[in-house]
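Chemist: Before I ask anything, let me first share the structure, which is written out below as structure tokens.
The values are calculated or read from the model by the stated rules, or taken from the named source; none is laboratory data. Computed from a prediction, not measured in an experiment: that's the story for all the values here. Ideal geometry is used to build each Cβ from the backbone, glycine not excepted, and the neighbour counts take in all protein chains shown. All accessible areas refer to the heavy atoms of the entire protein, side chains included, with ligands and DNA or RNA removed. Shrake-Rupley method; radii C 1.70, N 1.55, O 1.52, S 1.80 Å.
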Amino acid sequence: MPGVVDVPTLQELNVEEVNVSSAVLKAAAHHYGSQCDKANKEFMLCRWEEKDPRKCLKEGSKVNECAVNFFRQIKGNCAESFTEYWTCLDYSNLAELRHCRKEQKEFDNCVLEKLGWERPELGDLSKVTKVATSRPLPENPYLSRPRPEPNTPIEAELQPSKHGSRMFFWNW
Amino acid sequence: MFGVGVGLMVFGYWRLFRWNRERRRLHIEELEARISLLPLLQAEHDRRTLRMLRENLEEEAVIMKDVPGWKLGEKVFHTDRWVSPLTEELFNLRPREEMLRKKFGFLRYV
């Protein structure tokens with residue numbers, strides 16, 4: 001008989017959300033990728049290994065914490081240049097980064113001076129990384145049944161087949 | 001004459017290849033923006049589905065209060081692993097527009 005689905009309570013799901021629109025996120029994306037790298041990678045690793053969102057709520061809340069801190073730091077230090085950058089991006093339908101290079105350079109300079117963050121080079125964010133966690137690897141995340149035994153090794157002497165290969169016309 | 005034409009064409013091709021490489025670099029930049037934002041979006045989406053499941057469970061408790069033999073929050077499958085809920089299942093008790101928006105909101109073709 002099937003049991004009951006274990007859904008977490010609303011209390012556990014209450015996390016401080018990043019209350020920000022899409023152009024803002026895209027504008028800050030590159031710096032966000034290099035700054036909040038650790039929390040992001042841990043969350044994605046957890047999600048991919050456990051294959052269950054209920055087990056990764058803690059890492060998810062850490063991701064949110066990191067994001068909220070990130071935006072707070074930007075707002076505290078480089079608010080005007082950031083506002084100009086994301087309003088420029090927001091002007092077009094698909095926010096194309098190449099139309100706003102001037103504002104991007106200003107924002108990058110401001111962030112580099114005040115916070116010491118460097119914009120990652122092209123291709124840095126898509127590199128494959130190894131993540132070190134204290135969480136142990138889950139065994140059997142798919143909860144599969146026990147697998148069948150492998151075939152026993154062949155004991156007898158193997159002879160070459162009598163009339164040549166029977167699979168002459170087929171090669172699979 | 002012919003040489004001039006061929007020369008112009010070759011020059012055009014060279015410019016085209018250079019611009020295509022530049023476009024590829026710009027496209028990679030935009031994809032990287034999406035890559036770096038993925039954990040945030042995934043976490044928010046997870047929280048949203050879990051929140052909707054929880055609200056549905058509480059609604060179910062209220063609605064099926066007087067039905068005899070109804071097991072609350074019963075699984076549809078026999079397994080213990082996490083099964084991603086269907087959009088119909090999540091948006092069951094909400095207006096139809098929300099479900100349609102979730103299903104077809106990003107779709108521009110028919």
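Chemist: What part of the accessible area of segment B:1-84, given as a whole %, is carbon or sulfur when the probe is 1.4 angstrom?
Modeler: 62 percent
Chemist: In what order, largest first, do A:M167, B:M1, B:M99 sit by accessible area if the probe radius is 1.4 Å?
Modeler: Ranked list, largest accessible area first: B:M1, A:M167, B:M99.
Chemist: Do any of A:K58/B:K103; A:K26/A:K58; A:K51/A:K114 go past 31 Å between their Cα atoms, and which?
Modeler: Correct reply: A:K51/A:K114.
Chemist: Nearest 100 Å² is fine: how much accessible area is buried between B and A, summed over both sides, with a 1.4 Å probe?
Modeler: Separately minus together, B and A give about 3900 Å² buried.
Chemist: Just to verify a number: what accessible area does B:W19 come out at with the full protein assembly present, 1.4 Å probe, Å² rounded to tens?
Modeler: Accessible area of B:W19: about 110 Å².
Chemist: I'd like the accessible area for B:E29, computed on protein heavy atoms only with a 1.4 Å probe and all protein chains in place. Round to 10 Å², please.
Modeler: For B:E29, the solvent-accessible surface is approximately 20 Å².
Chemist: Beyond a 28 Å Cα-Cα separation, which of these cross-linked pairs lie in this structure: A:K105/A:K127; A:K102/B:K102; A:K55/B:K102?
Modeler: Too far apart for the 28 Å limit: A:K102/B:K102.
Chemist: Lysines near B:K65 by alpha-carbon distance under 29 Å, same-chain residues fewer than 8 away left out - which ones?
Modeler: Qualifying lysines at Cα under 29 Å: B:K75.
Chemist: Same structure again: On a straight-distance basis, which aspartates and glutamates could pair with A:K75 in a cross-link, Cα separation under 19 angstrom, same-chain partners fewer than 8 positions away excluded?
Modeler: A:E16, A:E17, A:E65, A:E84, A:D90, A:E103, A:E106, A:D108, A:E113, A:E118
Chemist: A further question on this structure: With every protein chain kept in place and ligands, DNA and RNA left out, what is the accessible area per residue of segment B:1-70? Probe 1.4 Å, answer in Å².
Modeler: 74 Å²
Chemist: Another question, then. What share of all Cα pairs of chain A, in percent, falls into each consecutive 10 Å distance bin?
Modeler: 8, 23, 23, 15, 10, 9, 7, 4, 0
Chemist: Moving on to the next point. In segment A:48-68, which residues give up 40 Å² or more of accessible area once the other protein chains are added, compared with their chain alone (1.4 Å probe)?
Modeler: A:P53, A:R54
Chemist: Now for a different question. Can you tell me which of B:R24, B:R81, B:R47 moves the most in a GNM of chain B? Springs connect C-alpha atoms under 10 Å apart.
Modeler: B:R81
Chemist: A further question on this structure: May I ask you to rank A:V7, B:V10, A:V128 by accessible area, largest first, using a 1.4 Å probe over the protein chains only?
Modeler: A:V128, B:V10, A:V7
Chemist: Among A:139-146, A:37-44, how do they line up by average Cβ neighbours within 10 Å per residue, starting with the highest?
Modeler: Listed from highest to lowest mean packing, they are A:37-44, A:139-146.
Chemist: Let me ask something else about it. Apply the Kirkwood formula to chain B: the hydrodynamic radius equals the inverse of the mean of 1/r over all pairs of different alpha-carbon atoms; give it in Å with one decimal.
Modeler: Radius from the Kirkwood sum: 19.5 Å.
Chemist: Still on this structure, I have one more. Between A:F169 and A:N14, 0.36 nm times their residue separation minus their Cα-Cα distance comes to what?
Modeler: 49.3 nm
Chemist: Accessible area of B:H45, 1.4 Å probe, to the nearest 10 Å²?
Modeler: Here the residue's solvent-accessible area equals roughly 80 Å².
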